[in-house]
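Beneath this line is the structure, given in structure tokens, with notes to follow.
Derivation of every value follows stated rules applied to the coordinates shown; laboratory data play no part. Quick caveat, the model's predicted, so the values are computed rather than measured. Cβ sites come from the backbone with ideal geometry, for glycine too, and all protein chains shown count toward neighbours.
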Amino acid sequence: MAFEDDYYFPNITTDAKVAEYEASHDVFSSLLDEVKELSKKKPDATMSAGKVKIVNRVLENLLVVLEGQPDAKYLEALDDDDLPQVSDGVLVMVQFKSALASFKERHYRHVSLMGFQWITEEFIDQLKAEYDEDEDTDEASK
């Protein structure tokens with residue numbers, strides 16, 4: 001029996017992307033809430049260069065996390081040359097929110113007896129090593 005017979009993970013990411021996701025996600029959510037509030041008050045107002053810079057720092061980190069994901073092709077940071085309206089900023093950020101939810105849905109899975117785990121290359125390597133060790137132990141006991 002092979003490792004792949006016991007475990008099948010169609011979507012695998014890396015520990016580095018998970019770390020960036022976890023470091024950026026809460027900051028992004030807070031920024032989105034703030035921009036949404038601003039949009040309720042003045043949706044047609046132009047975002048200041050400072051706000052765009054702050055938002056883009058987070059969005060650029062998230063673009064690294066979402067690189068290679070199916071919905072990444074629709075994502076881009078805010079235009080800092082032609083400053084967007086607040087409502088446009090919300091629209092862009094909501095696209096990122098959706099892509100982040102999809103990323104977590106694809107890569108954060110329930111693994112029997114281990115609970116929910118991020119499915120990363122490093123996690124797969126660890127599982128394979130443990131699986132191989134168990135197989136060697138089973139063969140030795142025969």
Ordering 124-132, 83-91 by per-residue average of other C-beta atoms within 10 angstrom, highest first, gives 83-91, 124-132
In debye to the nearest 20, the charge dipole size for the chain, taken about the Cα centre with +1 at each Lys and Arg Cβ and -1 at each Asp and Glu Cβ, equals 1260
Taking the chain and counting helices only, DSSP H stretches of n ≥ 4 at -39,500 (n - 2.57) each over all residues, the nearest-500 ellipticity at 222 nm comes to -21500 deg cm²/dmol
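State the Kirkwood hydrodynamic radius of the chain in Å, one decimal place, computed from all pairs of distinct Cα atoms.
Its Kirkwood hydrodynamic radius stands at 17.4 Å.
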Here the relative contact order (percent) of the chain, from C-alpha pairs under 8 Å and at least 6 apart, is 32
